[in-house]
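Student: Next up is a structure, given as structure tokens.
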């Protein structure tokens, strides 16, 4: 039997390496394919699992999978058409991906229920986390929580803290306000979230549908991204530990994303761009 | 249909990141991409090295991004020898110690050399498959392979000399 300790011929060493390979104690292989495939097989009209409350790894898989389903449709476009869409977006790059519209906001409501009766279950579907007070939120996260100071917006109606992202995300919900339209199928006017991370720049965003416009903007001297008509979008960020993760938007509305120091900020709502930029400029 | 690649994909990721949860994430990413691209897969091309390339990329990206650079610690199975005549306790202990030393030597290699060894010997890929999985030209795989074996031999020889000089010799194996 080859004795691996003896610095012998290449043959012995290679045999020893093969033998070593047979003896590595790997962790048990998890059922990866089943998990991925079961997401793929879920029929569209069926009762939806709460996407946002799944572990980050599965969520990522769902998001990317959904992206690829959309991309599969997009493949039907001629290469020229696809290139035109990509060039039109023309941003140096934020990694943004489009998800097909999820019926998740409707599925868990009983048929015939009042479509305007949204409330607490709605928040659960949005996966914002645990409802807290602003003071509690400040004590729960390591970073200094930024709050919009625009007078007409006033104080947030609801505050949540949730994880992921790592380190906690603080979500501020503003309901009805004069001059602020509500996001479709919710009672929310403006949603502002923040968490410790960095937007991943350098990966070109692709797969956004033709109805979505993506534009680079400036927010308080930093680069921001404004997306209009982006019902369901996933953007990538690097979390506090440096791992790249994906984060889905929560409302089927417009999105303003920007970086302020160590924080990624996101403003969602059916609001117009200049309104969003104004709110963002007053965040401090 | 893809289940049979599950284990090797997961293990390939694990050999890079050394963490089961990270490996699972990377493996999931690979399978998601695989499902989407199946329709575009070049007929005749090998699936296994292709999906391994995806997962190794994912895993290496994760390892680079993670600021916490934990040193990878592979463990060996604690097993009784399978088949054949039962060895003497001395022989078993010696063999085990030798394996540990070899594993330590492999883990001490620089990353590219370690990847080649892991792919060729732990995952049992051919040179061509290794080249495709790692995204390197075949010549590069060949030379890194040779270099890795050379380094391992040097390291093992040095270990052995040290063992002899320290007088901790237990070289009394019965033939």
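Taken together, the values in this text are just the output of simple stated rules run on the coordinates, not laboratory data. Given the structure is predicted, the values throughout are model-derived calculations rather than measurements. Glycine also receives a Cβ, built like all others from the backbone with ideal geometry; neighbour counts cover every protein chain displayed.
Student: Please give the length that would be gained between residue B:20 and residue B:7 if that part of the chain were fully extended, namely 0.36 nm times their separation in residues minus their C-alpha to C-alpha distance (nm, one decimal).
Tutor: Contour length minus Cα-Cα distance gives 3.5 nm.
Student: Average partner chain C-beta neighbours within 10 Å, per residue of B:2-10?
Tutor: Mean shielding count: 4.
Student: Something else about it: Over all residues in A:12-19, what is the mean tally of Cβ atoms on other chains that come within 10 Å of each residue's Cβ?
Tutor: 5
Student: Applying a 10 Å radius around every beta-carbon, put B:159-165, A:26-32, B:18-24 in order of their mean neighbour count, most first.
Tutor: B:18-24, A:26-32, B:159-165
Student: Taking every residue in B:94-106, how many Cβ atoms of other protein chains lie within 10 Å of its Cβ, on average?
Tutor: For this peptide, the per-residue mean of nearby foreign Cβ atoms is 4.
Student: Taking neighbour Cβ counts within 10 Å as the exposure measure, how do A:226, A:282 sort from fewest upward?
Tutor: Taking fewest neighbouring Cβ atoms as first place, the list is A:282, A:226.
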